[in-house]
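What follows is one structure encoded as structure tokens, with my remarks underneath.
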Amino acid sequence: MPDAILLPIAVTGENILTLTAEKVTLFDQSIQLLAANMLATMTAANGVGIAAPQVFSTVAMFIMASRPNERYPTAPTMTPIVVINPTILAASELMESADEGCLSIPEQRINIWRHADIKVQYQQLNGNLVTQNLTGFIARIFQHEFDHLQGITLLERSLMSEQTKQNAYI
């Protein structure tokens, strides 16, 4: 497989960030290459997650790769996970607020309410189905990237959060 390349990152105002992502049905080399390029792009930008729409792709895929960096110095370390066709099966009533950043909204931090715990399901690069419980910062990353697949950025989520103090995933 060729070396990963850095992809351009869409910024607020670009139409791709308002679209609902399309389900992945073909788990081939092109999806693996996109994942490798997304991981390289996210790492270079000091992100802890990145969704396909942020790199001008319409597929329902994102990467979570928490690790301490200059944007998130206290982030826990995890092995990168490629998440394809995700769903949120359940979400705790307990909500937590925290400042979030977004690679598509450079140099801004916005306080966002998120579910403390979620139960999720997604496919891996090989198409295998995974069901997982996520908590804390990792649950926050998943919810943030999941929003991107629904055409929602931090700006829209902050308006929704302030109006309802809850997320309506399920």
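The values are calculated or read from the model by the stated rules, or taken from the named source; none is laboratory data. These figures come from a predicted structure and were not determined experimentally. No Cβ is skipped: glycine too gets one built from the backbone with ideal geometry, and neighbour counts run over all protein chains shown. For accessibility, only protein heavy atoms count, side chains too; no ligands or nucleic acids. Shrake-Rupley method; radii C 1.70, N 1.55, O 1.52, S 1.80 Å.
Numbers at a glance
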{"quantity": "Condition met for A116 (modelled with pLDDT of 95 or more, farther than 23 Å from G136 by Cα, open to solvent by less than 60 Å² (accessible area, probe 1.4 Å) and of a type outside the set (V, I, T))", "calculated": "no"}
{"quantity": "Qualifying positions in segment 82-113 - more than 28 Å from Q32 (Cβ to Cβ) and either free of Cβ contacts under 8 Å to residues at least 12 places away in the same chain or of a type outside the set (A, V, I, L, M) (or both)", "calculated": "S92, E93, E96, S97, D99, E100, P106, E107, Q108, R109, N111, W113"}
{"quantity": "Within segment 1-111, strands (runs of 3 or more DSSP E) holding 2 or more residues that are surrounded by fewer than 17 Cβ atoms within 10 Å (Cβ to Cβ)", "calculated": "81-91, 95-102"}
{"quantity": "Near pairs, Cβ below 6 angstrom, 6+ apart or cross-chain, from segment 58-70 (closer than 18 Å to L129 by Cβ and modelled with pLDDT of 90 or more) to any residue that is among the polar types (S, T, N, Q) and open to solvent by 10 Å² or more (accessible area, probe 1.4 Å)", "calculated": "A60/N85"}
{"quantity": "Residue match in segment 131-143 (condition: in contact (Cβ under 8 Å) with a residue 40 or more places away in the chain, part of a strand (DSSP E or B), charged (D, E, K, R) and surrounded by 15 or more Cβ atoms within 10 Å (Cβ to Cβ))", "calculated": "no"}
